[in-house]
Structure formats: C-alpha cells, structure tokens
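Q: Mind looking over this structure? Questions follow.
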Amino acid sequence: MGLNLAQKIIKNHLVSGEMVAGKEISIRIDQTLTQDSTGTMAYLQFEAMGIPWVKTKKSVAYIDHNTLQAGFENADDHKYIQTVTSKHGIYFSRPGNGICHQVQLERFGVPGMTLLGSDSHTPTGGGIGMLAIGAGGLDVAVAMGGGPYFLMMPKVLKVNLKGKLKPWVSAKDIILEVLRILTVKGGVGKVIEYAGEGISTLTVPERATITNMGAELGATTSVFPSDEITKAFLKAQGREEDWVELKPDPDASYDEEIEIDLDNLDPLAAKPHSPDNVAKIKEIGKIKVDQVAIGSCTNSSFMDMMKVAKVLKGKTVKPEVSLVIAPGSKQVLTMLAENGALADMVAAGARILESACGPCIGMGQAPASNAVSLRTFNRNFEGRSGTASAKVYLVSPEVAAASAVTGVLTDPRELGETPSIEMPAQFVVNDNMVVPPAAEGEEVEVVRGPNIKPFPINVELPEKVTGKALIKLGDNITTDHIMPSNAKLLPFRSNVPYLAEFCLTPCDPEFPKRAKENGGGFIVGGSNYGQGSSREHAALAPLQLGIKGVIVKSFARIHMANLINSGIIPMTFVNEADYDEIENGDTLELENAQAQIKGDSELVIKNVTKNKEFKVSVALSDRQVEMILAGGLLNYTRKQNS
C-alpha cells in the first residue's frame, strides 16, 4: 500500500516512533516562525536552554500582532525580539512587513519541509505542500534548539474536491463547507489532505485560505500537493528553485474520506459564535450590517484584495457601514498601490489598516454595541472582536465587499458578472524589511524592557495532589476564554503575573481571586476544552495561579500539549456522567500521584466533599509521563541534559 502525502513528509522527517495512528512520534523541524504575542515568551524559553545559535534551516520572528503602540510595552517587546533573534541566528520581520503566515508563504515556505510555528494558523503553509504545524512557544523554542517535535501520529482524512467553483464562490466557501460537515472537533488527531480534480482549479492563495482555517477543525494540519500551480507561484515570487513536486502515491490509503462537489457550492457564512455554524448567505437573509473587516491571515492575499478592489471600484460604502481593509503583507500593499487598486478602495470609503493581524486578534476595530460585523477572518468566538454583544459572521472577501456597498448581507452573485483576476506572473519582491541575524559569534546586547517578567516554572509532581474544583465550565471553552486576548491585554503577553489576573474572567470574573485564595486547585470543563489559539499563556496563566490539573470531557490538541509542557495534568472523564457530580468548591484529591501517573492511563480521583471516587484518563506517552513527573518540559529537558 502506498503512502499519502502527509505520510510521505512525516516519513522523510521521522526521528522516533512508528507511523501508527495514535502512537507518539517525533519529527525533525526544518523551519520555525514566531509572532510577537507569543514570541517574547518563546525566546525567553530559548534563552533558558542556553543554546547559542538556532539549529533549524531557517527561523523567522514576525511582528504582526501587537503593533498598536499605546504604551511602551509593545515597542519594548519588539526591541527585545529584534535583539535576541539577531544574537541567536533568527531572521526578523519588522512591523509593517506583514502577517507571519502570508509572508512565510510568499518568501520562505518550501514544499516538503516541516514548519513549526507558535501560532495556531501555521498550517497556512500547507497551501504550498509544507507540513506546517501550530504549537506552543516552548515547543518552538525546543525545535529552534535542534530538538525534534513530538506529536501523536495523526490519522489522515482525505477531502476529495470534485468539479470547479462557480463564479462568486470562493475558497473560503470550501473550508466553511468542510467545517459544516466536520465541525470544530472533527479534525482532532487528523491531518486534512486535499486531493481530486478540483485542486487543479485552485491557486496557491486559495489553497492557503483552506489550510489556514483547518485550524478551526482542530486538525494537526492540512496539506495540498505541490504541483505545477505551486511551481508557478514560487516562480512568480522569484523562488522557483525551492519547488519540488509532491503528491501521494497512486495507491495511497486514507483513514477517512469525504467528498465536496465544488460545482454545487454556494456563498456561505459562519454565523455567531462558532466557525462551524455555517449556512448559505441566501438562507441567512439580508440582515443589516454595521461593520465589514477584510484581511487576516485567511484572506489578505493579493488575489483576495484585487477581488475586493474590483467590487468597490466606482462604488461607495454605505454610510451606515464601517469598512476596514488590511492587506496581508508589504508585498500585497505595494502591488495594490502600484496598480491603482488601493486608490479604488480608498475612493469607495474604505479605511486602510497596516499590514498586520489587527482586528482579527482583537487589536482595534471593535464593533459597536450589538453590531453585526462581517469579517473575512477565521474565528468568530463570542467577544473575540472586543465587543461582547457583537454578532460576527465569517465570510469570503467577495461577500464582504458586496455587503459593504449594499449595507446588508449580500450574495455577491447579485452583482452580476464576476470580475476577472489573473495570478501575477511576477510579484513585487523587496525583502528590505526582513533583517538577517548578526554573524555567528558576534556580540549583540539583548534589550529587555521592564514589562518582561520571568515566566512561571512548575515543580516536581508531589505524592498527593489536592485542591478545590475552582470552576466548572461547559463545552468548547476557547483559549480566548482561558486567557483573553484583546488590545488592553496583548501588550502584557511577556508579563504572566499580570495576565494571570484575567485568567478565565470571561467565564467568571472572580476566578483569579478564588484560585489565589485557595492556593490553586482544579479546573473542570466539558468537550473540546482549549480550542482556538496556540497561545501557551492559556497554560502559563493557570500555572501562575497554582492550577494542578484540568479535568474535562475532551481537549483541543495544542492546549493539551501546552498543559503538559507546563506540568499541569490533563485529565478526561472515563465516564462523562461523573462531570455532573462535581460542583464548584468540591475538594478533589489524587493520592499516590506519582505511582498512579507512572502505572496506568486511568487514575482514581477522590471527591472528598462528596466522599465519592471517579476515574479519569491521562493520554500520555512515556515521555510525557516523565514531563509531568518533572513538572513540565523545561524541567524535563534540564533533567535530561544533566
């Protein structure tokens, strides 16, 4: 039996383990990326390892999240990242150069290579045939130091694309359809591999939109073959020498398969407040729109921006609508400026934002109270926009632009003939905002601002783990719930003690106070706990508050890995009915903790308050068991090195 594409790349990078689904493997990492909201912590952790020079083929640090400099904090973090990366062999993408995933795709991504990024949308790189995975900052720091990346061997789900998209239907509609079918939990433990005749009709930017939002499925990553379309894109970027052909074997097997007929797709939207709450635009109806935001790492490519400009040309945005547009990179912005498309956007009444994440990460452009906001982004979790009462819909650039000029949610097919846009034969290439590192061995002073605080480090697992159930949560708790990410808090990503004061406050404003008063304890939750961002702050802030373990029905992949990295025990109910028996304030106890963790995948927890016992499962590899015993990955690494 032949290998599928995901298996081929994994096999070529396999360091340890067997390629059996559900078994732990480790792979060699070729490239890494960080962004500034997670990067400061990642580089503090890299420094703690004492490794003088990065060991990957290429590592890049981007400034694209915390670009609003309302105080000294963000600028200080940027200076720290620029100096620490220069010292250790990492390229630095300056603020204004663009969103990490867009720039990585344009300038650095290489088919067949592995990419590990401290951002959950790193799988964007799958659009050019990379095995690109999002992870916590500590995992990325280890990879930069030459260590392999450990993960459970994923299943591979084939999405067979038939036919061709109709006019005004886009790649965004393809991934929304996948989300409708599979849900936000449907990709957990899987790589989504795209195949079929339909892929030959999709450009690299369209493929990247699809792989980008694979993160919302909970998938390990998503990947397209590297073919002649990939070659043409890289040639247009002046990087034809990076191209290699990559495709599955003719007799490749897959664990699961679904089929989507592109001919039958209509323009879609994800309704509030989940990316899988998908419906057809025409079924939702002509609801009044207050804000339209176009951009993000999902839909900010040159091709996306040209579609928007064509729709807006000669028209005027409705007075009741605020339209903001953020081109994804300096390259995109330059080309729009040179060909006149930027002028068409501005003339129509659009507000042009800098080439950065901006509203997608909650950095500005919060909608008005109770507003309807259409966004070409990847997440519409409640409150993520910065306005708790806002209703955010995820749509394609075509739907967004059409709705901005009509003032209501609009099926773009009502506009008539679709504009014709060709992929450029040559992109404008100017990497003058990418700063190479200093020469190896050169003295560089690392500059640290006063807001940069030491990150918390756990201690070895004690014999008895006891504490109260400090909070009981429902299903689909996101990392935005656990560690809010808004314009007021993002500048403090390098200050975990301060951030911890806001941990889980969207669910319960009293949680941090209660956690400190009780000396820590346990978090209890439902299914898919920790979905969303890769931010390890959603584990570091609970660690700062003394959280010893998290007991839920199921975990999102990256968050579970981050908990283990922090030495916090991730547990799932063996019998989900036991969830109903636990109440806030119950005292929970794990006796003989070390022996139980070493001995079996099932542990016995005693609810001292109720005088009852229940079983939980810990899905840990032998290596992860040792990490929990040591109190996290850093302690484990130090122990191994000593």
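The values are calculated or read from the model by the stated rules, or taken from the named source; none is laboratory data. Values in this document were obtained by computation on a predicted structure and should not be read as measured data. Counting neighbours? That spans all protein chains shown, and the Cβs are built from the backbone with ideal geometry, glycine included.
Q: Taking the conditions exactly as written (under 21 Å from A487 (Cα atoms) and surrounded by 18 or more Cβ atoms within 10 Å (Cβ to Cβ)), does N74 satisfy them or not? Reasoning before the result, please.
A: Numbers: under 21 Å from A487 (Cα atoms): yes; surrounded by 18 or more Cβ atoms within 10 Å (Cβ to Cβ): yes.
Spelling it out, N74 is indeed under 21 Å from A487 (Cα atoms) and surrounded by 18 or more Cβ atoms within 10 Å (Cβ to Cβ).
Q: Given the conditions (1) within 30 Å of I568 (Cα to Cα); (2) in contact (Cβ under 8 Å) with a residue 60 or more places away in the chain; (3) surrounded by fewer than 16 Cβ atoms within 10 Å (Cβ to Cβ), which single one is not true for E445?
A: (1)
Q: Taking strands (runs of 3 or more DSSP E) that fall entirely within segment 80-186, which contain at least 1 residues that are closer than 26 Å to T203 by Cβ and among the basic types (K, R)? First the steps, then the outcome.
A: Working: elements: 91-93, 114-117, 131-134, 149-152, 155-162.
Correct list: 155-162.
Q: How many residues are of a type in the set (V, I, T) and part of a loop (DSSP other than H, G, I, E, B) when one looks only at segment 20-35? Walk me through it before giving the result.
A: Step one: list which residues in segment 20-35 are of a type in the set (V, I, T), which gives 20, 25, 27, 29, 32, 34.
Now narrow it down to the ones that are part of a loop (DSSP other than H, G, I, E, B): 20, 29.
Matching residues across segment 20-35 total 2.
Q: Additional query: Check segment 618-631 and report whether any residue there is in contact with a Ser or Thr (Cβ under 8 Å, 6 or more places away or on another chain), at negative phi and in a strand (DSSP E or B).
A: The initial filter retains those residues of segment 618-631 that are in contact with a Ser or Thr (Cβ under 8 Å, 6 or more places away or on another chain), namely 618-620.
Checking the rest, the ones that are also at negative phi come to 618-620.
If we keep only those that are in a strand (DSSP E or B) as well, we get none.
Looking through segment 618-631, none of the residues is in contact with a Ser or Thr (Cβ under 8 Å, 6 or more places away or on another chain), at negative phi and in a strand (DSSP E or B).
Q: Quick one: would you say S396 is more than 30 Å from Q624 (Cα to Cα) and either without any contact (Cβ under 8 Å) to a residue 24 or more places away in the chain or touching a Lys or Arg at 6+ places or on another chain (Cβ under 7 Å) (or both)? Outline the logic, then answer.
A: Values: more than 30 Å from Q624 (Cα to Cα): yes; either without any contact (Cβ under 8 Å) to a residue 24 or more places away in the chain or touching a Lys or Arg at 6+ places or on another chain (Cβ under 7 Å) (or both): yes.
Considered against the rule, which asks whether it is more than 30 Å from Q624 (Cα to Cα) and either without any contact (Cβ under 8 Å) to a residue 24 or more places away in the chain or touching a Lys or Arg at 6+ places or on another chain (Cβ under 7 Å) (or both), S396 comes out as yes.
Q: Looking for whichever is touching a helix residue (DSSP H, G or I) at 6+ places or on another chain (Cβ under 6 Å), surrounded by fewer than 23 Cβ atoms within 10 Å (Cβ to Cβ) and assigned by TED's automatic domain parsing to the domain that holds I29 here; the options are K162, K166. Which one fits? It would help to see each step written out before you state the result.
A: Working: K166 fails: touching a helix residue (DSSP H, G or I) at 6+ places or on another chain (Cβ under 6 Å).
The conditions single out K162.
Q: Also: Search segment 76-88 for residues that are under 10 Å from I63 (Cβ atoms) and touching a residue at least 12 places away in the same chain (Cβ under 8 Å) and pair each with any residue that is charged (D, E, K, R) and assigned to a helix (DSSP H, G or I) when their beta-carbon atoms are under 8 Å apart and the residues are at least 6 apart or on different chains.
A: From segment 76-88, the pairs are D77/D36; H78/D36; I81/D36.
Q: Return the pairs, sorted by first residue and then second, in which the second residue is crowded, with 22+ Cβ neighbours inside 10 Å and part of a helix (DSSP H, G or I), the first residue lies in segment 162-184 and is among the aromatic types (F, W, Y), the beta carbons are less than 8 Å apart, and the residues are 6+ apart or on different chains.
A: Taking only residues 6 or more apart or on different chains, the pairs are W168/E398; W168/P412.
Q: Anything in segment 419-432 that is touching a helix residue (DSSP H, G or I) at 6+ places or on another chain (Cβ under 8 Å) and within 30 Å of A279 (Cβ to Cβ)? List them, or say none.
A: Keep residues of segment 419-432 that are touching a helix residue (DSSP H, G or I) at 6+ places or on another chain (Cβ under 8 Å), which gives 419, 421, 423-431.
P419, I421, listed by residue number.
Q: Return the residue satisfying two criteria in turn: it lies in segment 9-19 and is more than 24 Å from the chain's Cα centre (by Cα) and assigned to a helix (DSSP H, G or I), and of such residues it is farthest from E257 (Cα to Cα). Walk me through how you get there before you give the answer.
A: First, the residues of segment 9-19 that are more than 24 Å from the chain's Cα centre (by Cα): 11-12, 15-19.
From what's left, assigned to a helix (DSSP H, G or I): 11-12.
On the way: K11: 21, N12: 24 Å.
Here the residue is N12.
Q: Taking segment 451-474 only, how many residues are modelled with pLDDT under 95 and touching a Phe, Trp or Tyr at 6+ places or on another chain (Cβ under 9 Å)?
A: The qualifying residues number 3.
Q: Just to be sure I understand, how many residues within segment 441-478 are out of contact with any Gly (no Cβ under 6 Å at 6 or more places or on another chain) and assigned to a loop (DSSP other than H, G, I, E, B)? If you could, list the steps in order and put the result at the bottom.
A: To start, the set of residues in segment 441-478 that are out of contact with any Gly (no Cβ under 6 Å at 6 or more places or on another chain) comprises 441-457, 461-466, 469, 471-472, 476.
Still in the list and also assigned to a loop (DSSP other than H, G, I, E, B): 441-457, 461-464, 476.
The number of residues fulfilling the criteria is 22.
Q: For the subset of segment 305-338 comprising residues that are assigned to a helix (DSSP H, G or I) and under 23 Å from the mean Cα position of the chain (by Cα), which member is nearest to A293 (Cα to Cα)? Steps first, answer last, please.
A: The first filter runs over segment 305-338 and keeps only residues assigned to a helix (DSSP H, G or I), leaving 305-312, 330-338.
Imposing the further condition that a residue be under 23 Å from the mean Cα position of the chain (by Cα) reduces the set to 305, 330-332.
Details: M305: 12, K330: 18, Q331: 20, V332: 17 Å.
My answer is M305.
Q: Which residue out of E583, E589 is surrounded by fewer than 19 Cβ atoms within 10 Å (Cβ to Cβ), part of a strand (DSSP E or B) and touching a residue at least 40 places away in the same chain (Cβ under 8 Å)? Steps first, please.
A: Working: E583 fails: part of a strand (DSSP E or B).
After applying the criteria, what remains is E589.
Q: Next question, about the same structure. Consider G519 carefully, then state whether it is over 19 Å from A500 (Cα atoms), out of contact with any helix residue (DSSP H, G or I) (no Cβ under 8 Å at 6 or more places or on another chain), at pLDDT 95 or above and not aliphatic (A, V, I, L, M).
A: Working: over 19 Å from A500 (Cα atoms): no; out of contact with any helix residue (DSSP H, G or I) (no Cβ under 8 Å at 6 or more places or on another chain): yes; at pLDDT 95 or above: yes; not aliphatic (A, V, I, L, M): yes.
Judged against the criteria, G519 is not a match.
Q: Select, from A293, A343, the only residue that is buried (at least 17 other Cβ atoms within 10 Å of the Cβ) and either of a type outside the set (S, T, N, Q) or not in a helix (DSSP H, G or I) (or both).
A: Details: A343 fails: buried (at least 17 other Cβ atoms within 10 Å of the Cβ).
On inspection, the qualifying residue turns out to be A293.
Q: Going by the conditions given, is L138 crowded, with 24+ Cβ neighbours inside 10 Å and modelled with pLDDT under 95?
A: Values: crowded, with 24+ Cβ neighbours inside 10 Å: yes; modelled with pLDDT under 95: yes.
So L138 fits the description; yes.
Q: When you look at A48, is it surrounded by fewer than 17 Cβ atoms within 10 Å (Cβ to Cβ) and hydrophobic (A, V, I, L, M, F, W, C), yes or no?
A: Working: surrounded by fewer than 17 Cβ atoms within 10 Å (Cβ to Cβ): yes; hydrophobic (A, V, I, L, M, F, W, C): yes.
Yes; evaluated as a whole, the condition is true for this residue.
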